[in-house]
Amino acid sequence: MIKPKKPAMKSETLTLKYDKGKFPVYYAEQEHTDSGIILIEEIWGLNDHIKDVANRLAALGYSVVSPELLSDSGVLEKISPDIFREMSDPAKRDEAQKKMRDAIAPVYSPDFGKNAIGKLQSSFEFLKKKEIENIAVMGFCFGGTYSFAFATENKHLKACVAFYGQPPLGKTASIHCPVLAFYGEKDTRLIESLPVLQEQMEKHGKEFNHRVYNNTGHAFFNDTNPMMYNQEAAEDAWILTVEFLRKHLA
């Protein structure tokens, strides 16, 4: 993985408010800037990997806020990377899939979705209060899905980067910023939905760029997951992401 030479000069865990209560965020910045990124976690939560990505982005000159969207949902108490490893074992797969479905069930409730968008909007306002004018959203898997979702809800975003996220089919007309999306060829469900997403984005005149990596599956960017990480794809995606952000957050 290509990483900046300098770590974030400042990083801290903060508590923000939204209309339903409070939630933690990780905040990283190199120096004062007018460009910021809302970075959204995978289903595993606001872990060291996501904080590392936040630091990489901060070292490039962005103010980065990463909200814990899963707080108070009960999901983080039920899941662990062990479940994902078990799903790759044919002997344990069925039971592991049942565990995972049970663990993430709260994520599919309407209330969770409303609360997640509320937390993202609060994160956006947090950056705005720091006089950061150019703001993008970026996320992975669960976070990729909510990057898409937030891009349909907030008309003031300058860019959206979604790594293997579920597209907002039927709501693409509400996206008002350029989108860059990444997929692994073996991530069948998302690959099957890609032509429809392309068609809808084109129909509504939206700027949509994407890259599909051959012989690559889900979660290929996560360099802490040796089962899924694909160095070549991750490094290429990082280069394209940096170029895209520099173009739209200038």
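The values are calculated or read from the model by the stated rules, or taken from the named source; none is laboratory data. Here the structure is a predicted model, which is why all the values come from computation and not from measurement. We place every Cβ from the backbone using ideal geometry, glycine too, and count neighbours over all the protein chains shown.
Quick notes on this one:
- Scanning the range 119-142 for residues that are crowded, with 18+ Cβ neighbours inside 10 Å and either of a type in the set (Phe, Trp, Tyr) or within 13 Å of residue 64 (Cα to Cα) (or both) yields a count of 14.
- Yes/no for residue 112 being modelled with pLDDT of 90 or more, among the aromatic types (Phe, Trp, Tyr) and within 13 Å of the chain's Cα centre (by Cα): no
- Those strands (runs of 3 or more DSSP E) of the range 1-73 in which at least 3 residues are surrounded by 18 or more Cβ atoms within 10 Å (Cβ to Cβ) and modelled with pLDDT of 95 or more, considering only elements entirely within it, cover 21-29, 35-40, 63-67.
- Candidates 105, 116: the one that is assigned to a helix (DSSP H, G or I) and crowded, with 22+ Cβ neighbours inside 10 Å is 116.
- Some residue of the range 231-248 being surrounded by fewer than 19 Cβ atoms within 10 Å (Cβ to Cβ) and closer than 21 Å to residue 116 by Cβ: no
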